[in-house]
Amino acid sequence: MLSVRNLSFAVGAKTILDDVSVDFAAEKITAILGANGSGKSTLMSFLGKNRAAPGHVFFCGEDISEISPHAYALKAAMLPQQRETIADFAVEDVVVMGRFPYKRQFRNYTRDDYEIARTAMREVGIEAMAKRRIGSMSGGEIQRVMIAKVLAQKPELILMDEPTNHLDVRYKVALMNTLRAYGGTIVLVLHDLSLAAQYADRVVVMKDGRIREEGETGVVMRTELLEEIFGVPFVRFEKNGRVYLNY
């Protein structure tokens, strides 16, 4: 569904991405892993059309630089690491903005739009907060609002850069279970390696702006590779079919 071919990017003399080529499997969860500065968020910005990359990023075989922002928003939703500035709206009014690509010009959001938004809020456990103002909420609560906004968009492709930021353990696990049940194509940048090991179907490991290794999660997430990437020793063990990583 989503492919990158020979993508390079530099800022001044510093190379951020160096000839990156990778395929993201349809209807699978793929986690992008790597140390700080490895190029994960920059790669994600190209996938989300936040940076132009003519001839390098393809969605269903089509160069995304040739897909209009509106058409791409009907198919793909992006949760960036740097949270967008939000006016002090009510929660439900922020979440229903996920329906903007479907909204007719100069028309209000429909009853169906608000019902889809309520379903998304229910999925992330914020339905009871629908009337609260964003200005009264904690960082973790706002993160869940933004996740609900992405879900309300009902995209085929979900792109999330560090979606578990600000979330406590309960909501991290709940989010990953929600994404597992979603059924679409999902690409995540994750720092929580145990979550990646337990929930991702595939992983892409980056180092110094390049793809160091990619493939099925259980095969790629070896302790020796993780030690090379992150510079600390790891212990891997399995329980009830799940992989856990300690360092």
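The values are calculated or read from the model by the stated rules, or taken from the named source; none is laboratory data. All figures in this text were calculated on a predicted structure; none of them were measured in a lab. Every residue, glycine as well, gets a Cβ built from its backbone with ideal geometry; the counts of neighbours run over all protein chains shown. In case anyone asks, the SASA skips ligands and DNA or RNA and just uses the protein heavy atoms, side chains included. Shrake-Rupley method; radii C 1.70, N 1.55, O 1.52, S 1.80 Å.
For segment 32-40, the condition of being farther than 14 Å from residue 204 by Cα, assigned to a helix (DSSP H, G or I), at pLDDT below 95 and open to solvent by 50 Å² or more (accessible area, probe 1.4 Å) holds for none of the residues.
Out of 166, 191, one residue alone is in contact with a helix residue (DSSP H, G or I) (Cβ under 6 Å, 6 or more places away or on another chain) and either in a loop (DSSP other than H, G, I, E, B) or more than 30 Å from residue 10 (Cβ to Cβ) (or both). It is 166. Scanning segment 41-67 for residues that are modelled with pLDDT of 95 or more, in contact with a Ser or Thr (Cβ under 8 Å, 6 or more places away or on another chain) and among the aliphatic types (A, V, I, L, M) yields one hit, 57. For segment 130-179, filtered to residues that are open to solvent by 20 Å² or more (accessible area, probe 1.4 Å), among the basic types (Lys, Arg) and under 16 Å from the mean Cα position of the chain (by Cα), the residue that is farthest from residue 40 (Cα to Cα) is 154.
Candidates in segment 41-52 are the residues that are part of a loop (DSSP other than H, G, I, E, B) and of a type in the set (Gly, Ala, Ser); of these, the one that is surrounded by the most Cβ atoms within 10 Å (Cβ to Cβ) is 48.
Kindly list the number of the only condition in (1) in contact with a Leu (Cβ under 8 Å, 6 or more places away or on another chain); (2) over 29 Å from residue 130 (Cα atoms) that fails for residue 157. For residue 157, the exception is condition (2).
Beta carbons closer than 8 Å, at least 6 apart along the sequence or on distinct chains, pair a first residue in segment 65-84 that is touching a residue at least 12 places away in the same chain (Cβ under 8 Å) and closer than 22 Å to residue 96 by Cβ with a second that is among the acidic types (Asp, Glu) and open to solvent by 40 Å² or more (accessible area, probe 1.4 Å) for 75/156; 76/156.
Residue pairs whose Cβ atoms lie under 6 Å apart, sitting 6 or more positions apart in sequence or on different chains, and linking a residue in segment 218-246 that is open to solvent by 70 Å² or more (accessible area, probe 1.4 Å) to a partner that is at pLDDT 85 or above and in a helix (DSSP H, G or I), are 233/227; 236/223; 242/198. Of everything in segment 68-101 that's open to solvent by 70 Å² or more (accessible area, probe 1.4 Å) and outside any loop (DSSP other than H, G, I, E, B), which residue is farthest from residue 53 (Cα to Cα)? The selected residue is 100.
Counting residues in segment 133-151 that are within 30 Å of residue 6 (Cα to Cα) and not in a helix (DSSP H, G or I) gives zero. Restricting 23, 19 to residues that are free of Cβ contacts under 8 Å to residues at least 60 places away in the same chain, surrounded by fewer than 19 Cβ atoms within 10 Å (Cβ to Cβ) and assigned to a strand (DSSP E or B) narrows the list to 23.
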